[in-house]
Amino acid sequence: MGEDNTNKMIDDFISYYHRFWGEMRSLDRDFKAGFPFELKGLIDIGYYENQPMYVIAEQMKLSRSQITSIIEVLVKKGMVMRVTDEKDRRINRVVLTAEGRKMREKYLEVFKKHWNQKLSSLTTEEFEELYKSIETIKKVTIKIMGSKDE
């Protein structure tokens, strides 16, 4: 791939990624009481549940102090618990509580509803193309991050 194509790809990705993600994230207005930043972390924390805090921080691209602050808020709200690792007591794993699972499901439900509304104008072919594109982005992201996700 030539340098011009690479630069165009980067420009397009940055521009359209932010537009696309902004559209999809605009669902926050659907929550009457709001959904604070820390609670949005439940989505990722649920995905990486029972992992050490430093692993969650790495996957969320946050510093250890940032994840510690988020986890502290979620612990106080009863959304997550810190569980000491059985093999290494220096490691804290993060587990969702029943209330945390309920809130995460509520957020995902609203997000999916919003997602479906936004994408309802797509044809079946366009939807399939989007799906394949997201799968490609997922694979590339995993590869460049060196992540163990699959």
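Explain nothing, just the number: relative contact order of region 78-150, from Cα pairs under 8 Å at least 6 residues apart, as a whole percent.
Details: 39 pairs, mean separation 13.4, N = 73.
Result for region 78-150 is 18 percent.
Could you give the angle, 0 to 90 degrees to the nearest 10, between helix 124-145's Cα long axis and the longest principal axis of the Cα atoms of the chain?
50
Report the full-extension gain for the segment SER63 to GLU125: residue separation times 0.36 nm, less the Cα-Cα distance, to one decimal in nm.
Values: separation 62, 0.36 × 62 = 22.32 nm, distance 4.01 nm.
My answer for the length gained is 18.3 nm.
Show me, for region 106-117, the HN-Hα J-couplings you get by feeding each phi into the Karplus relation (A = 6.51, B = -1.76, C = 1.60, θ = phi - 60°), rounded to Hz, glycine and proline as x.
4, 4, 4, 4, 5, 4, 5, 4, 5, 4, 4, 5
Where a Cα-Cα gap under 20 Å defines reach, which lysines qualify for LYS112, not counting those fewer than 8 residues away within the same chain?
Here the lysines satisfying the reach criterion relative to LYS112 are LYS32, LYS40, LYS102, LYS132, LYS138.
Quote the relative contact order of the chain in percent (integer), defining contacts as alpha-carbon pairs under 8 Å separated by 6+ residues. Working shown, then result.
On the way: 103 pairs, mean separation 30.0, N = 150.
Averaging sequence separation for qualifying contacts and normalising by length gives 20 percent for the chain.
Hey, can you grab everything whose amide H is under 5 Å from the amide H of ILE91? Only 5+ residues off in sequence or another chain; H modelled, so Pro and N-termini drop out.
HN-HN under 5 Å from ILE91: ASP85.
What is the dipole size for the chain, taken about its Cα centre, with +1 at each Lys and Arg Cβ and -1 at each Asp and Glu Cβ, in debye to the nearest 20?
Details: 27 positive and 25 negative charges, 169 e Å.
Dipole of the chain, to the nearest 20 debye: 820 debye.
No lab work stands behind these numbers, since they all come straight from the coordinates. Quick caveat, the model's predicted, so the values are computed rather than measured. Positions of Cβ are backbone-derived with ideal geometry, glycine not excepted, and every protein chain shown enters the neighbour counts.
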